Amino acid sequence: MVLAAALAAVGGEVEDALAATRAPGGEFVRMPAKYVIEKLEDTARNSGEPVLGGFSVEARMEGADAKRININMESMTLLAALEAVASATGARLDFESTSAVLADPASTPLNAEPETAAVQTIAPDPDDAEPIGFSDVDNALVFVSTGVGRGSAFVAEMDGKIYVLSNQHNFMGANKLELRAMHGGLLEFESFEFSRTRDLVRFELSDESAAGLGVLRLSNIAPTIGQEVVVYGNSAGGNVATELRGEVLGVGPRDIEVDAEIVSGNSGSPILDTSGAVIGVATYVSFETKFEKNDARKEIFKGTRFGKTRRYGVRIPADGWARVDLRAFLSQTYRLSDWKNRLEIMTVLVEYWGGLDDYEDYEVAAKTIMAAYSTRAGQVERPYEFHSAAAEAEIEMMVKAFARNYDEFVAMMREMDPDRRELAAMSAAQKSGKSPSKAERVDYYIRTSTLSKAKALREELERQEWMSQYMRDAADPLNKMASDLVLKLEGKKDVLPRAKAVL
């Protein structure tokens, strides 16, 4: 999917097209830089990518005509080739509308914003007894939009650099990325990092983007229970900043618990002390604890806050950050999202086919899935969005086969119209290994083909090496879901419940 302009310095559809278009091969060895640049421009114009129509590659640097470079472009994308040429010639790579420009490093960037006010670090006034308010921090607040959800972020200083900080889970499955400052418009960033151990990410801002923003400071004092806090962020994804006040209820080495009423959309919001220092990042909510009727713990939790909804923030670590290409990070989130979609679709179909007690609960969902994925994409709105075309195509094939075999099974059973005695005989014959009927063979195919796909999916999940602890934690429920699906299919060999369900 196309990433929005804020995704990188290049940004948007043009960058994606450049990344998808192959550069000329490795024949450019010890050639004049100007000749190489002309060949790159020809490649862009003839790429077949509509977004590159009229795209130009220009050299606006001294000596480009005479400068010779030694460079091998084998297997590069056009974007990588441009970056390599810029590095080889000592140029700065700029993008202006539909042009890629190699310019002298000392020249003014083509996309430079008008000069704005310097970065302002937000610090408490020792003579001001009033707690910090919205107007003190609003210029450091950032709204996150990913195409699949909205969240919060904020600007802060770490290690002498200016970052936008937020949660990893805000960017899971993102098909675009916008970091929008409260008053300063879209922010461009120079690098992306994630925490290996916590649900956190940070984007290093360019000097141009950081100019004029407010910058929060991280507290160097450990949070304490009873400490007053305030949370500013994009509550419920409403694209307006809200103020939520409360206090710290619990403190741990990684997390803090607060009673400020954070909700969806507040993920990534700064949790501030009364002086305006960041003590954590609003991250997750645990819901009211549910117990079985005779569970003794029900009485233990009764009347306490521990049985109710609880809200947490993550403390920001000084180390454990890993810098990666944002696309590599997003590609793993896409896998998580696609695997989750595949498992949910398979589970709905299996429950619908399985003849279980809650069969009717899955009927509407199963029929919606079969209608959507048994037709061409675009003709019917599909309930699941896939990032991988291959994954969607596989699901499409599986759903079509399931629908065809299921309809055939139903038709056969209704034509047979067996009574209770005949159904029992059918079940007994199947268990004894006698030659099954055609309807039983169809039923057997549905079960074994779905089981094979569930096992393969489980193996894919088990083989995947996740970048961060958060991703590993997010994959755990999918591993369990896949294992439960395999166990259910392995244990549902008897055709009798399914025959009864369709008669």
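The values are calculated or read from the model by the stated rules, or taken from the named source; none is laboratory data. From a predicted model like this one, the values you see are computed outputs, not experimental measurements. A quick note on method: Cβ atoms are made from the backbone with ideal geometry, for glycine too, and the neighbour counts reach across all protein chains shown.
A few notes on this one:
- Among residues of the range 167-198, those that are modelled with pLDDT of 90 or more and not in a loop (DSSP other than H, G, I, E, B), counted: 16
- For MET416: the one exception among (1) exposed (fewer than 12 other Cβ atoms within 10 Å of the Cβ); (2) over 13 Å from ARG342 (Cβ atoms); (3) free of Cβ contacts under 8 Å to residues at least 40 places away in the same chain: (1)
- Check on VAL281, in the same structural domain as VAL164 (by TED's automatic domain parsing), farther than 23 Å from SER135 by Cα and at pLDDT 95 or above: no
- Taken over the range 155-207, residues that are crowded, with 23+ Cβ neighbours inside 10 Å and hydroxyl-bearing (Ser, Thr, Tyr) amount to 2.
- In the range 200-252, the qualifying residues are those that are part of a loop (DSSP other than H, G, I, E, B) and of a type in the set (A, V, I, L, M, F, W, C), and the one that is nearest to the chain's Cα centre (by Cα) is LEU200.
- Residues in the range 253-262 that are β-branched (Val, Ile, Thr) and in a strand (DSSP E or B): ILE256, VAL258.
- Residue, surrounded by the most Cβ atoms within 10 Å (Cβ to Cβ), within the range 323-342, restricted to residues that are farther than 13 Å from VAL148 by Cβ and out of contact with any helix residue (DSSP H, G or I) (no Cβ under 9 Å at 6 or more places or on another chain): VAL324
- Members of the range 258-270 that are more than 23 Å from the chain's Cα centre (by Cα) and within 24 Å of GLY149 (Cβ to Cβ): VAL258, ALA260, GLU261
- Strands (runs of 3 or more DSSP E) enclosed by the range 82-161 - at least 1 residues per element that are modelled with pLDDT under 75 and at negative phi: 92-96
- Residue selected from the range 264-286 under the condition surrounded by fewer than 17 Cβ atoms within 10 Å (Cβ to Cβ) and of a type outside the set (S, T, N, Q), by the criterion nearest to VAL164 (Cα to Cα): TYR284
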